[in-house]
Amino acid sequence: MAGDALIVIVTSFLLALPSATAIGKVCGNAGNYTANGRYRSNLDSLAAALPANTSSSPQLFANATAGQAPDAVYALALCRGDLTGNLTGCSACVNGSLQYARRACPYAKAASVYDDNCLIGYSSANILVPAYNATRDTSTLFDYWNSMTIAGNGTLVAAHVDDLLTQTAQQAASSPRRFVTAYMDGSSNAVIPTLYSLAQCTPDLSAGDCLACLQRILGLLNATTSVSLGGRVLLLRCNFRFENNMFFDGAQMTQIRPSSGAPAPPPPSPTTNKGSGVKPWVIAVSVAPPVAVVAFCFILYNRRQRRRFRRGRSKLRQKHPRNNLKGDELDWEMETELSEFSVFDFHQILEATDNFSEENKLGEGGFGPVYKGQFPDGTEIAVKRLASHSGQGFVEFKNEVQLIAKLQHTNLVRLLGCCSQGEEKILVYEYLPNKSLDFFIFDENRKSLLDWKKRLAIIEGIAEGLLYLHKHSRLRVIHRDLKPSNILLDSEMNPKISDFGLAKIFSSNNIEGSTTRRVVGTYGYMAPEYASEGIFSIKSDVFSFGVLILEILSGKRNSGNHDYGDFINILGYAWQLYEEARWMDLVDASLVPMDHSSEIMRCMNIALLCVQENAADRPAMLDVVAMLSNKAKTLAQPNHPAYFNVRVGNEEESTAATASGSINEMTVSVTTGR
């Protein structure tokens, strides 16, 4: 009996460890509750039920609400996805973390605790709305990095770590449980040691929101953290971790290969007790049947996809006879990996848009009109019909199709397919009911519909989209034509970057930028080094983003007929007002009275950092996102902006101007430095 009692005591002690070994906590700023109030009793009831509810869920996830406002408590808990074989440990971790939260954040209405095996959070605010909390809220952020670094070439190490975590995040988002463990084997190269990674989202997130959340926290990787020998970043809704030791159950881990495509060796075997090992023939017999089934399904699926896209390629080629095309137009083939991309017949587009009727016309840009359409199944679409005189030829058309079809982010417009028949070049997008940003911010009546909360969300969304293009997408992309008319708004006013006809792919190793003889884009949003010398880089997009912020804050166009004092555009005017502490004079009158003056001033500071004349002085989008999300981060003082005393042309007049003394060159989709 004494021995049994000792076992119970030891077991109880071990199960209580999570409360003592929690790796991090975040005490929220939602205020405090009273010791004997209703909020306390509601929190007590949630704390009693949440551990069992979490461990009994197949996804090891639970959320709950107790009480009514203003004493309502919202809570969620998530155990690490590989604890399915240790449900008691999951329950104990949640219970211990809840106890720890209440000790570490006494009487706080909001708290989050992160343990090795689970995470919990509760608040008086509704933290159970998945999409907003995943893509916007960073108040529960906690990060920890190993002080030791990986020896070797820092650039190569960072690239491998970035590959490991980016691919782990993508696989976690596409997993039904929103959880994946992975490794990158270092035995075949001298760049990094073998690293192990984990990424997880709460399973109530959609794949897109999970990926957006993970990409947001992956943005904390920088030159220092990406060469650490391990680290973790956690939000309530998503988290990732990597180490040089296997910190999880390795039974289901996925191998991640460096983007160089080097052949990968077999997975490393986790350390096990040799005496209890499984015989090789048992493994073969157990694994062979499911592997064969998976392989068979994969072959069938791959053949189906190939047949599907061969049809798409044949349509495109039949409609572009060989004698009418030049150069690489002949070599364009739709890639088999674009599984959600369709090649439409022209008659399908005619039917969907009612023969391009004026009633369905949404607007017209520099490259042609855009129409609303509807397919027979009820799907609403936006159809971009490229005008023959637009200057966007087949190469630009090809460029936009190939780029957008490979880019997937909640803040990028989704391309559904295309149509190419004779002179007709058509792009089919998802339909976004609220048109574009300029439709609101430059209209005296509609601008009042965008309060500060919506404008800040739009600024942050555009920043997230640009960060994805510059750092986290499969293709590193410079947009080159960022402006309000190219920011579309969905039904909830979330921004989506559109129009990639002028975009270029760049190498992540190309820091200084590239040069082109053909300057394309929109005056008023072009960085000075690009407009005058044809030099473009990710800092070109940063400049355009800074102009966008100032236009969102002021409700006025960068240049035009506005009174900007001694200045002829908004850049110099904003800088002067900021220097003289009169920044409120720039702010849109519809935002007055201002309840968020500190946030507005902070956004103006960030905008002015983005439009500095010297490209090297401008922050990267990774830094911009960090400045927007971390209100405690100290901001630098901006130098004077570009075009300080230079008049710019009409910002809505797109150009394809050729630099003096040079010849035109086609806009291609691959950038090489000079």
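Scalar couplings 3J(HN,Hα) for segment 31-48, obtained by applying the Karplus form with A = 6.51, B = -1.76, C = 1.60 to θ = phi - 60°, are x, 10, 9, 8, 4, 10, x, 5, 4, 4, 5, 5, 5, 4, 5, 5, 5, 6 Hz; x denotes Gly and Pro. How high is the relative contact order of segment 400-445? Use alpha-carbon pairs under 8 Å, at least six apart in sequence, and give a whole percent. In percent, rounded to a whole number, it is 26. Scanning residues 5 or more positions from K425 or on other chains, those with amide H under 5 Å from its amide H are L386, with H placed 1.01 Å from N in the peptide plane. Take every Cα pair under 8 Å whose residues are at least 6 apart in sequence, average their separation, divide by the length of segment 43-105, and the relative contact order is 34 percent.
Cα centroids of segment 20-54 and segment 56-105: how far apart, whole angstrom? So the separation of the two Cα centres works out to 10 Å. Taking 0.36 nm per residue of separation and subtracting the current Cα-Cα distance, fully stretching the chain between A151 and D451 would add 103.1 nm.
Here the peptides 26-39, 202-215, 575-588 are ranked by packing, the mean other Cβ count within 10 Å, and the order with the highest first is 202-215, 575-588, 26-39.
Taking amide H as placed 1.01 Å from N in the peptide plane, T254 has its amide H under 5 Å from the amide H of T181, A182, Y183, each at least 5 places away in sequence or on another chain. Can you list the residues of segment 162-182 with backbone N under 12 Å from a point 7 Å past the Cα of S259, pointing along Cα to Cβ? Residues 162-167 qualify, since their backbone N sits under 12 Å from the label point.
When restricted to Cα atoms, segment 438-655 yields an Rg and a Dmax of 16.1, 48 Å, respectively. In terms of the mean number of neighbouring beta-carbon atoms within 10 Å, the peptides 58-71, 477-490 order highest first as 477-490, 58-71. Placing R0 at 25 angstrom, the Cβ-Cβ distance between D116 and A69 gives a FRET efficiency of 0.15 after rounding to 0.05. Database remark: amide H of G417 closer than 5 angstrom to the amide H of S342, V428 (H placed geometrically; neighbours at sequence offset of 5 or more, or on other chains; Pro and chain starts carry no H). Looking at segment 414-486, which GluC sites (Glu not before Pro) are DSSP coil and have at most 14 other C-beta atoms within 10 Å of their C-beta? Here the GluC sites (Glu not before Pro) that fit, given the DSSP loop and packing criteria, are E423, E444. Most tightly packed first, judged by the mean number of other beta-carbon atoms within 10 Å of their residues, the peptides 527-535, 111-119 read 111-119, 527-535. Other residues with beta-carbon under 12 Å from the beta-carbon of A111 carry, at +1 per Lys or Arg and -1 per Asp or Glu, a net charge of +4.
In segment 438-655, Cα pairs under 8 Å separated by at least six residues give a relative contact order of 24 percent.
Nearest 0.05, what FRET efficiency do D345 and A387 give at R0 = 22 Å with Cβ-Cβ as r? Step by step, r from the Cβ atoms, then E = 0.60. Electrostatic tally near M253: other residues with Cβ closer than 12 Å to its Cβ, Lys and Arg +1, Asp and Glu -1, net -3. Its Kirkwood hydrodynamic radius, worked out from the mean inverse distance over all distinct Cα pairs, puts segment 21-128 at 13.5 Å. In segment 21-128, a dipole from Cβ-located charges (positive for Lys and Arg, negative for Asp and Glu) runs towards its positive end, and of L78, N126, I23 it is N126 whose Cα lies farthest in that direction. Applying a threshold of 21 Å to the alpha-carbon distances of K384/K483; K361/K406; K109/K454; K406/K454; K471/K496; K483/K539 flags K361/K406; K109/K454; K406/K454 as lying beyond it.
The numbers here are math on the coordinates, done by the rules we state, and not lab data. No experiment lies behind these values; they were computed from the predicted model shown. For neighbour counting, all protein chains shown are included, and Cβ atoms are generated from backbone atoms with ideal geometry for every residue, glycine included.
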